[in-house]
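Inspection log for the structure reproduced underneath, given as structure tokens.
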Amino acid sequence: MDFDYSEDQKLLQESMQRFVRENYSFEARRALVATEQGYSDAHWTRFAELGWLGIPFPEEYGGLGMSGVETMVVMEAIGSGLVAEPYLSTVILGGGAVSAAGSDAQKDEILPAIAEGRCKLAFAFAERQARYNLQDVEMRAVAENGNYRLSGTKSVVFGAPTADRFVVSARTGGGSRDAAGITLFLVAADAPGLSVRSYPTADGLRAGEVMLDNTPAEGVLGEVDSALTTIEEVVDRAIAAVAAEAVGLMGALNDMTLEYLKTREQFGQPIGRFQVLQHRMVDMFIAHEEAKSMAMMAAMRIDEDDPGVRKKAMSATKVQIGKSARFIGQQSIQLHGGIGMTDEYAAGHYFKRLTMIDRSFGDSDYHLRRYAAL
């Protein structure tokens, strides 16, 4: 197979890399995530102007109609610069749910607004007791005069503090762990009864607990009682996206570690001349290549018609990404010595984001079990 990028994909990669070089020095990033919002509106506007926010959406709804490979290119660059803008929460998760399950009218209203940078979404699907089980949903939705009112709490909702709208999973039938009886709803951020408890995550990004108390929904997204397959698809797309982001993170960690070994001197010579450290860098390089191969496979398998094939590919990818991320992160911190643990140095921040990715959408142990079951 030919794994080389097309000319358009290379141009996209170059434009993303240029954006990271010009806007995401480590100090600039530290200052950005220290603000209350945690990212730059100017950067978000530039994302929209360059078309990056519309990459996965159909052209008839204001997008570019590109494939998972283009999403991989964008997410790898986001990882390489620790980019803080809410691309994952708005475009991949929230926008992905609308694209997969929305009516023509909903897509026509929401997707162009995302692509133009006028609307940010958050996908509220996880609950405290669920432990990665996507069908463990206790939030209730009650029909009232042709509409629905939602009550319950969603946990660790990425992008919640600045979202304009939420895509929320709630139970319209069945027991709390039944596959049937789950429905997706659109809920405005300023809807009565909705509140968000915001917090920074370990990697410096933003999430929140979203609490709904008899909150009216704007509308149903997709079919009533049948949302589980959509949720699974959206989460699998998120896995493919964060796998590519992790590849960018690991590549940057390898580069900064190698540069440190070339410049840090001990016993009158750079420590990179010691053979044992050279062997460890080779092992880190191999782990990165293994992760890159799996991320590429995920990008190509994400549009599989057979959900079983797609799920198996995403679980295999998540297991390898977790394994490579832990190895590269731990080796990088150790090879840097004490400086690798400080907040003033980039290595620790990259490792924190890799750790967060490993725990998002199911950790390695969860996906190893899912892979075996499939």
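The values are calculated or read from the model by the stated rules, or taken from the named source; none is laboratory data. Everything numeric here is computed off the predicted structure, so don't read it as measured data. Backbone-built Cβ (ideal geometry, glycine too); neighbour counts: all protein chains shown. For accessibility, only protein heavy atoms count, side chains too; no ligands or nucleic acids. Shrake-Rupley method; radii C 1.70, N 1.55, O 1.52, S 1.80 Å.
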Checklist entry - Quick one: Kirkwood hydrodynamic radius for segment 249-354, alpha-carbon pairs, angstrom, one decimal? => result 14.9 Å
Item to check | the chain: Lys pairs at Cα distance under 18 angstrom, eight or more positions apart or on different chains | outcome: 9
Item to check | Label-to-label distance, nm, for residues given as residue 46 and residue 309 (7 Å Cα→Cβ offset) | outcome: 4.0 nm
Checklist entry - What are the radius of gyration and Dmax of segment 134-253, computed over its Cα atoms and given in Å? => result 15.6, 55
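Taking R0 as 51 Å, what FRET efficiency do you get between residue 5 and residue 265 from their Cβ-Cβ distance, rounded to the nearest 0.05? Let's see the in-between values first.
Working: r = 39 Å, r/R0 = 0.76.
It comes to 0.85.
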Next on the checklist: Run lengths n ≥ 4 of DSSP H only: what is the helix-derived mean residue ellipticity at 222 nm for the chain, with -39500 (n - 2.57) per run over all residues, to the nearest 500?
Outcome noted: -16500 deg cm²/dmol
Checklist entry - Quick one: net charge of residue 164's neighbours, Cβ under 14 Å, K/R +1, D/E -1? => result -2
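Going through segment 107-211, which trypsin sites (Lys or Arg not before Pro) have at most 14 other Cβ atoms within 10 Å and a DSSP loop state?
Answer in residue order: 118, 128, 131, 177.
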Item to check | Surface share of carbon and sulfur [accessible, 1.4 angstrom probe, percent] for segment 122-225 | outcome: 48 percent
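Helix by helix, which DSSP H runs in the chain go 27 Å or more along their axis at the Cα atoms and have an average Kyte-Doolittle hydropathy of -1.0 or more? Display every interim value, and only then the final one.
Numbers: long enough: 228-263 (52 Å, 0.65); 275-301 (39 Å, 0.09); 307-336 (43 Å, -0.40).
Result, helices passing both filters: 228-263, 275-301, 307-336.
If we count every other residue with Cβ under 13 angstrom of residue 103's Cβ, Lys/Arg +1 and Asp/Glu -1, where does the sum land? Walk me through the intermediate numbers first.
On the way: positive: 107; negative: 104, 108, 109, 218, 223.
After counting each charged neighbour, the total is -4.
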Checklist entry - Considering the values (i) 32, 24, 18; (ii) 36, 21, 20; (iii) 46, 29, 22, which represents semi-axes √(5λ) of the Cα gyration tensor in Å as calculated for the structure under consideration? => result (ii)
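Measuring with a 1.4 Å probe in the full set of protein chains, what accessible area per residue, in whole Å², belongs to the chain?
Values: 16490 Å² over 374 residues.
Accessible area per residue, the chain: 44 Å².
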Checklist entry - Hey, quick one: spin label on residue 36, modelled 7 Å out along Cα-Cβ, who in segment 133-169 has an amide N within reach, i.e. under 17 Å? => result 160-164
Item to check | Only Lys, Arg (+1) and Asp, Glu (-1) charged, at Cβ; the chain dipole about Cα centre in debye | outcome: 1360 debye
